[in-house]
1. Can you tell me which residue in the stretch 220-251 is farthest from THR2 (Cα to Cα), limited to those that are among the basic types (Lys, Arg) and exposed (fewer than 14 other Cβ atoms within 10 Å of the Cβ)?
2. Is it fair to say ALA177 is buried (at least 21 other Cβ atoms within 10 Å of the Cβ), out of contact with any Leu (no Cβ under 8 Å at 6 or more places or on another chain) and either assigned by TED's automatic domain parsing to the domain that holds LYS249 or not β-branched (Val, Ile, Thr) (or both)?
3. Would you point out the residue of the stretch 97-141, among those that are in contact with an Asp or Glu (Cβ under 8 Å, 6 or more places away or on another chain) and closer than 15 Å to LEU171 by Cβ, that is surrounded by the most Cβ atoms within 10 Å (Cβ to Cβ)?
4. Restricting attention to the stretch 44-100, which residues are within 21 Å of HIS236 (Cβ to Cβ), free of Cβ contacts under 8 Å to residues at least 12 places away in the same chain and under 18 Å from the mean Cα position of the chain (by Cα)?
5. Restrict the check to the stretch 84-91 and report whether at least one residue is farther than 19 Å from THR264 by Cα, assigned to a helix (DSSP H, G or I) and touching an Asp or Glu at 6+ places or on another chain (Cβ under 9 Å).
6. Among ALA81, ALA74, ALA91, which is the only one that is among the small types (Gly, Ala, Ser), within 16 Å of ASP49 (Cβ to Cβ) and in the same structural domain as VAL35 (by TED's automatic domain parsing)?
7. In a loop (DSSP other than H, G, I, E, B), hydroxyl-bearing (Ser, Thr, Tyr) and at negative phi: does that describe THR142?
Amino acid sequence: MTDDRPIGMFDSGFGGLTVARALIDLLPREDLVYVGDTGRYPYGSRPLDEVRRFAHQISGFLVREHDVKLVVVACNTATAAALGELQDELAVPVVGVIEPGVASLVLATRNGRVGVIGTVGTISSGAYQQEVARVAPELALTCAACPGFVEFVERGETTSDQVHVLAERLLAPVVDAGVDALLLGCTHYPFLARTLGDVLGRDVVLVSSADETAFRVRAMLEHEVAPTGRERPGRHRWLSSGDVDTFRKLGARLLGPELDVASTVRWDG
């Protein structure tokens, strides 16, 4: 069986492009519709009830207007806020980035001391703490919220002295805990890998949920919905609720040449 409907994906802005990159590389024939909610980003500092409303709105839009066959919540804060409800309510499968990321983290550690960094909203939600406790309660987990990282990424300042100083301060609890594996619990953070590696040391494994989420989507296409039957390369549609030119220019720098054209999406309410 085959299913030529596109895969739907959304994030508060640009960070989810790391997941989109992994999906395009792993599933090059699949069509993709990506919504960057840049008109309301970042989500990390917003109340979870508000993020939950946004997640329902965008997911419903993808299913209703683009007839997607599954939805990828490519945002840690939105995953923490709404994944369970979306899985219960939508007529298509939904995958988030938290569970796949934790699965990779568990495999990466050697000493049993692991860390998770994320936005204030993601860390305060307890979603990562609950998932680690569920799948690997024997691990010693240290979490740290990292306000400001997202803004540095979206300004293109991923290796500046200022972001390095901020990283040293925010990552101090993780360094003190002696972790040997750190999960980047925000899809923006892989763009800071060089700075994070300098602060943590080269012996600490940085775990991104992007690749593992792409593998999870491939498994879902094999078991829950069907892959495309088309032989042509996948077509990708990029939508932004904010300034489209900014989204296209910054998005192309972060993702690559596939993001050549972007369109506007507007929300009611």
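1. Restricting to residues being among the basic types (Lys, Arg) and exposed (fewer than 14 other Cβ atoms within 10 Å of the Cβ), the top hit is LYS249.
2. For ALA177, the condition - buried (at least 21 other Cβ atoms within 10 Å of the Cβ), out of contact with any Leu (no Cβ under 8 Å at 6 or more places or on another chain) and either assigned by TED's automatic domain parsing to the domain that holds LYS249 or not β-branched (Val, Ile, Thr) (or both) - is not met.
3. Looking at the filtered set, the residue picked out is VAL114.
4. Result: no residue meets the conditions.
5. no
6. The unique qualifying residue is ALA81.
7. no
The values are calculated or read from the model by the stated rules, or taken from the named source; none is laboratory data. These numbers were taken from a predicted model, which means no experiment stands behind them. Every residue, glycine as well, gets a Cβ built from its backbone with ideal geometry; the counts of neighbours run over all protein chains shown.
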